[in-house]
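Below is one structure, written out as structure tokens; the observations come after it.
The values are calculated or read from the model by the stated rules, or taken from the named source; none is laboratory data. Keep in mind that what you see is a predicted model, and the values were worked out from it rather than measured. Neighbour counts are summed over all protein chains in view; Cβ atoms, including those assigned to glycine, are modelled from backbone coordinates with ideal geometry.
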Amino acid sequence: MSDTPIVTKVGRVLQIFEPIYKQVFFYDCAPTYSEHLQWLKKDVKISDENMEIDKMCDGEFMGWDSEFGAVGTIWTKNKNLELLVHECLHAAVYDMAMHGMPVNEHNDEQIAYLQCFLFTLIRENRDAVIPCKKRPKNV
């Protein structure tokens, strides 16, 4: 992979390459958690024992060991920006922790930059995977 940020549309999913730690993330905009889990099993190759089948939530971040290596998945059911910011923070903390970086008040600036990086790439590219008519007008 290149050392430049890469965003690739794969069906309803964005694949994001984070160049600092060379971490792969996926953003899934499935309308239900059940559909998100189906995608995880089929395309990310996550096994059933790692999944919570009846979860009721509007978004989630999870780090996974898949046949492709460690990946982070961000899912949001609705399209509000607050939820996306929230899930991107989880992703940034995961990114640092997976690469041996402590997460504390001494490197909170790095966490903030990673969160902003992921949020911006998803926000700027999600129209490729989410039809505009389904998004609220204010986002």
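Hey, can you tell me all the residues within segment 95-108 that are outside any loop (DSSP other than H, G, I, E, B) and either exposed (fewer than 12 other Cβ atoms within 10 Å of the Cβ) or among the charged types (D, E, K, R) (or both)? Outline the logic, then answer.
Going through segment 95-108, the residues outside any loop (DSSP other than H, G, I, E, B) turn out to be 95-98, 108.
Hits for segment 95-108 are Asp95, Asp108.
Go through segment 38-55 and give me each residue that's in a loop (DSSP other than H, G, I, E, B) and either touching a strand residue (DSSP E or B) at 6+ places or on another chain (Cβ under 6 Å) or modelled with pLDDT of 70 or more (or both). Working first, answer last.
So the first thing to find is which residues in segment 38-55 are in a loop (DSSP other than H, G, I, E, B), and the list is 45-47, 51-55.
Residues satisfying the conditions are Lys45, Ile46.
Take His86 and decide whether it is modelled with pLDDT of 90 or more, part of a helix (DSSP H, G or I) and closer than 23 Å to Glu124 by Cβ.
Numbers: modelled with pLDDT of 90 or more: yes; part of a helix (DSSP H, G or I): yes; closer than 23 Å to Glu124 by Cβ: yes.
Considered against the rule, which asks whether it is modelled with pLDDT of 90 or more, part of a helix (DSSP H, G or I) and closer than 23 Å to Glu124 by Cβ, His86 comes out as yes.
Being among the acidic types (Asp, Glu), part of a helix (DSSP H, G or I) and at pLDDT below 85, is that true of even one residue in segment 109-116?
Looking only at segment 109-116, we keep the residues that are among the acidic types (Asp, Glu), and these are 109.
Restricting the remaining residues to those that are part of a helix (DSSP H, G or I) gives 109.
Narrowing further to those that are at pLDDT below 85: none.
No.
Each row is one residue, and each column tells you yes or no for (1) in contact (Cβ under 8 Å) with a residue 24 or more places away in the chain; (2) under 24 Å from Leu37 (Cβ atoms).
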| position | (1), (2) |
| --- | --- |
| Lys79 | yes, yes |
| Glu87 | yes, yes |
| Ala92 | yes, yes |
| Gly100 | no, no |
| Asn104 | no, no |
| Asn107 | no, no |
| Gln110 | no, no |
| Gln115 | yes, no |
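Quick one: what pairs do we get from segment 27-46, first residue polar (S, T, N, Q), second not in a helix (DSSP H, G or I), C-beta under 7 Å, 6+ apart or different chains?
Thr32/Lys77
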